[in-house]
1. For Ile66, indicate whether it is within 30 Å of Met1 (Cα to Cα) and β-branched (Val, Ile, Thr).
2. Every residue in the range 54-73 that is under 28 Å from Glu44 (Cα atoms) and either of a type in the set (Ser, Thr, Tyr) or in contact with a Lys or Arg (Cβ under 7 Å, 6 or more places away or on another chain) (or both), please.
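Values quoted throughout were computed directly from the atomic coordinates according to the rules given, and no laboratory measurement underlies them. The structure displayed is predicted, hence computed values, not measured ones. Cβ: placed from backbone, ideal geometry, glycine included. Neighbour counts: every protein chain shown.
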Amino acid sequence: MPTVTISYDGRNKTARSIMELLRTMDFFHITEAPAKPRRKSGIELAYEDVEAGRVTVWHGGVDEMIEHMLSEE
């Protein structure tokens, strides 16, 4: 039995109508797979870091940052 995969935009009225038409025909067997999760962009990941508190702010500039990093050794 040949297998064909159809991807369509569920928000498109025409595409939904065609899929409903195919479902009514007995000789088609339709199995819906869950949509793949969308990959987050870099800015979305950065916002999550800010919200989670994984960001350090250096008010004294680069000198303060380097001094802090050297003192941790």
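1. Details: within 30 Å of Met1 (Cα to Cα): no; β-branched (Val, Ile, Thr): yes.
No: the conditions fail for Ile66.
2. Result: Thr56, single match.
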